[in-house]
Amino acid sequence: AILMPPLLILTSSSRLVQNRLSTLQAWLSKTFSKQLMLPINFQGHKWASMLLALTLMLLSLNLLGLLPYTFTPTTQLSMNMALAVPMWLSTVLIGMRNQPTISLGHLLPEGT
């Protein structure tokens with residue numbers, strides 16, 4: 001838990017051959033992004049960096065709770081709501097903007 005947050009800090013260099021840590025970080029972010037974006041169409045791939053950053057933040061905050069005598073910030077409802085409400089609202093608004101009939105169709109009972 002102590003070593004995880006420093007390993008998640010992304011670094012960049014202008015060298016052609018990177019060191020092992022940056023190669024591992026690039027491989028992990030590429031693998032995670034590929035798994036995350038597999039069921040999503042190509043237009044949804046622009047959200048990959050934001051979702052990757054959000055996942056890494058939640059992972060590091062939850063790993064912080066494994067240390068003795070520490071507090072996990074994700075146990076507070078205020079933090080969870082501050083992360084969840086904007087994500088939910090953006091999903092609803094983008095769905096209404098891009099596909100209004102399908103989005104409004106979810107508000108009707110099934111079979112009508």
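Structure data summary
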| quantity | calculated |
| --- | --- |
| Nearest-ten-degree value, helix 77-98 long axis tilted from longest Cα axis of the chain | 50 |
| Inter-label distance for I94 and L54, nm, one decimal - labels placed 7 Å from Cα along Cα-to-Cβ | 0.9 |
| The chain: angle of helix 48-64 to the longest principal axis, Cα-based, in degrees nearest 10 | 60 |
| Contour excess over end-to-end distance, with Cα ends at L77 and W27 and 0.36 nm allotted per residue | 14.7 nm |
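Readers should treat all values here as calculations from the given coordinates under stated rules, not as data from a laboratory. Bear in mind the structure is a predicted one, so any value in this text is a computation, not a measurement. Every residue, glycine as well, gets a Cβ built from its backbone with ideal geometry; the counts of neighbours run over all protein chains shown.
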